[in-house]
Amino acid sequence: MGVHEKSAVKTHRRRRTAPLWLLPVSFFLVELFAFFFLSLKPKDFSAEQLWPLAFGVLWAVILSAIVWTLPARAGRIVYGVLYGVITVYAIVQTGYYVLFGEMMWLSDFRYASEGADYADVILSYPLGWWLGVIALIAQGVALVWKFPRWRYDWRLALVSAVLCVTAAAGAMVMPQLVFEQDDDVRYSKSDYGRAQSTRAAYENLFNTHRLYQVCGLYQTLCKDVYANVIYPLTPAYKEAHQAGHQEIDAYFAEKDRPEANEMTGLLAGKNVILVLMESMDDWMLGEYTPTLNRLMSEGINFTRFYTPVYGGIRTFNTEFCINTGSFLSSTGGYAFDYVTNDFRQSLAYLLREQGYTAKAFHYNSPTFYSRGVFSEAMGYEAYVSYADYLTGLSADAAKKLLYDDQLLFDNEGLNSEFFREGKRLNFVITRSAHLSYKYNEVLSYWGLKKYPEFKGLTGNEETDCAYLKAKLVDDLFARLMAELEEKGELENTVIIGVTDHYTYGYKNEKALLELSGVDNKLLLEKTPCFIWSADLEPMEVDKVLNTSDVLPTVLNLLGIDSPYSYIGCDAFDERYDGFAPFSNGSWIYGNAAYDASTRKLISIDGSESELSQETRKEIAQRVQQFTRINNLILDVDYYGEG
């Protein structure tokens, strides 16, 4: 053997590459990683949980076959891109699910930068998640580095193409096998079936996680891309809009129109202060919230109020719903995509027609959640950012002032805006109670300087910080009441307090369930909601209500006869039985709740549910239709003139 031949052999040995079969294995391992965090429930294991893995096998073959049809160099690039995209997608989705118990649509990814201030919560993620992330990244890097080599010829390309087409056909047919779970569910285009119908989840795309449970990570991503990127560009999309408008008309035609009741107009003509109490959970009320306790005991206290999340954003979801009467779309529409919609049905627009001025107040930048644009789209004359009133100060000094929600009254310019002349609607978004609940988190650190006694108060760091932040929220309401009294406006003001979501940033779920006094994660969604006015008789409303019921209830109390129909209902309408619908098919009704993630009926008060099987199916269908109509309202710009 010649010198050159020996050198070639040595070089070849040094450049060992991975075998071809590692490509589909690597793609499947991404699906397996997602499965452990998005689907696997060892305590309630069933064969149905394995469907995502079955789809994962097919997609591993599809993607690998695509790579094999190419020359090795091109295949290496394509593999790197495909693997990188799906790995990032899996990491983001599982990370989001660990925190929120939900998945996102692609459009929700655009909000990622707006959560950067709270990114420190990922440090408390499970060790298994971190190890999985590291393993996926290491696997991808290693395979790109030691990528298989093959001599390109038409036979390999042909075999690969056949594999790709066969696996793709399997991915298209397999949903029909999954739908066999729905044998006991009658499903048609006019009857959306039970909310837990796998066919409904797959075809209506009403919830990302439910879709994932049907068809796995890869197919969920593909359906998301088609439904929210490709389909809107087709002629069929316009036809669907027209049909959607007619469907909403038919839905509202069957729904009871609002009727006057004993609460109608009780608060007519008063100034309105609507406060979105960021992360102010019900278990945080008590010893450290005397002002909130007073407002709830003296006013109308909605004791069974739930804040379901639609789409992937919790705070803005509630903010949007209490103002417009509808949740964000659960099908993945980016909120800003709807900024050109007509929101003439909103609280701000309707009050301005009554001679009110309307402004929104918050510490954050107008670009955060695009509030500077969206507030005006919802009818507010301006979005007032506290930072704009701190000119002349250093960035560090301004930042410290922005920690305190009471800056709204401490700052002369903000105070003047808030107490401007004439009848007014003021929408205030608090900051104080937001996650995370750690001593060294910026808000907790600032709050502990003011109230050092909260450090070590309960022996649990998260609980200490949550109670501390509840105290800070209460301070804002105490200051608000003092300002109103000082200016002689206490008797002529309505204060509406609504929480956007429960304390999902509290990482110890077992402890959180104990603090909340519930034994199921679904029931954590109950949050404080109250309406206070000096001349109101104290009242507790025990009916199950949801976020979409706030606007119709407030309009009734203010005596505003809106010409528009809403998916929510007036809490004081005796014909409304009350319920809380969740986009994943869960629901709360009477003394019972249905958890779609576990497919279990839950008794809320410990007594056996009296709901018949037929009633449960009717509620599930009602939830499914509610979700569909809610999404259509935004998609077709239902309240617009055109």
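The values are calculated or read from the model by the stated rules, or taken from the named source; none is laboratory data. Quantities reported herein were computed from a predicted structural model and do not represent experimental measurements. Neighbour counts run over all protein chains shown; Cβ positions are idealised from the backbone, glycine included. These accessible areas exclude ligands, DNA and RNA; they are computed on the full protein's heavy atoms, side chains included. Shrake-Rupley method; radii C 1.70, N 1.55, O 1.52, S 1.80 Å.
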Out of the residues in region 243-274 that are surrounded by fewer than 13 Cβ atoms within 10 Å (Cβ to Cβ) and modelled with pLDDT under 90, which is farthest from Glu421 (Cα to Cα)? Asp256
Kindly list the number of the only condition in (1) farther than 30 Å from Trp446 by Cα; (2) surrounded by fewer than 22 Cβ atoms within 10 Å (Cβ to Cβ) that fails for Ala335. (2)
I'd like to know if region 545-556 contains one or more residues that are β-branched (Val, Ile, Thr) and part of a loop (DSSP other than H, G, I, E, B). no
Looking at (1) open to solvent by less than 40 Å² (accessible area, probe 1.4 Å); (2) touching a residue at least 40 places away in the same chain (Cβ under 8 Å); (3) over 25 Å from the mean Cα position of the chain (by Cα), which is the one condition that is false for Ser297? (1)
Can you work out which of the residues in region 338-356 that are open to solvent by less than 40 Å² (accessible area, probe 1.4 Å) and among the hydroxyl-bearing types (Ser, Thr, Tyr) is nearest to Leu408 (Cα to Cα)? Tyr356
Looking at region 563-597, which of the residues that are within 18 Å of the chain's Cα centre (by Cα) and among the small types (Gly, Ala, Ser) is surrounded by the most Cβ atoms within 10 Å (Cβ to Cβ)? Ser583
All conditions in (1) in contact (Cβ under 8 Å) with a residue 60 or more places away in the chain; (2) of a type in the set (D, E, K, R); (3) open to solvent by 60 Å² or more (accessible area, probe 1.4 Å) are true of Arg431 except (3)
In region 223-242, what count of residues is obtained for those that are within 21 Å of the chain's Cα centre (by Cα) and either at pLDDT 90 or above or over 20 Å from Val636 (Cβ atoms) (or both)? 3
Which numbered condition Leu285 fails, given (1) open to solvent by 20 Å² or more (accessible area, probe 1.4 Å); (2) more than 28 Å from Leu632 (Cα to Cα); (3) over 25 Å from the mean Cα position of the chain (by Cα): (3)
List pairs: first in region 508-522 and closer than 16 Å to Glu461 by Cβ, second at pLDDT 95 or above and surrounded by fewer than 16 Cβ atoms within 10 Å (Cβ to Cβ), Cβ under 8 Å, 6+ apart or cross-chain? none
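Name the residues in region 542-572 that are of a type in the set (Val, Ile, Thr) and either at pLDDT below 95 or in contact with a helix residue (DSSP H, G or I) (Cβ under 9 Å, 6 or more places away or on another chain) (or both), would you?
Thr547, Val550, Val554, Ile560, Ile567
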When only residues in region 516-540 that are hydrophobic (A, V, I, L, M, F, W, C) and assigned to a loop (DSSP other than H, G, I, E, B) count, which is farthest from Gly606 (Cα to Cα)? Ala534
I need the helices (runs of 4 or more DSSP H) fully contained in region 314-413, keeping only those with at least 1 residues that are polar (S, T, N, Q). 314-324, 371-377
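Check every one of the helices (runs of 4 or more DSSP H) wholly within region 1-73 and list those with 1 or more residues that are modelled with pLDDT of 90 or more.
Ranges flagged: 22-38, 51-68.
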Check on Tyr437, within 27 Å of the chain's Cα centre (by Cα), more than 30 Å from Arg352 (Cα to Cα) and open to solvent by 30 Å² or more (accessible area, probe 1.4 Å): no
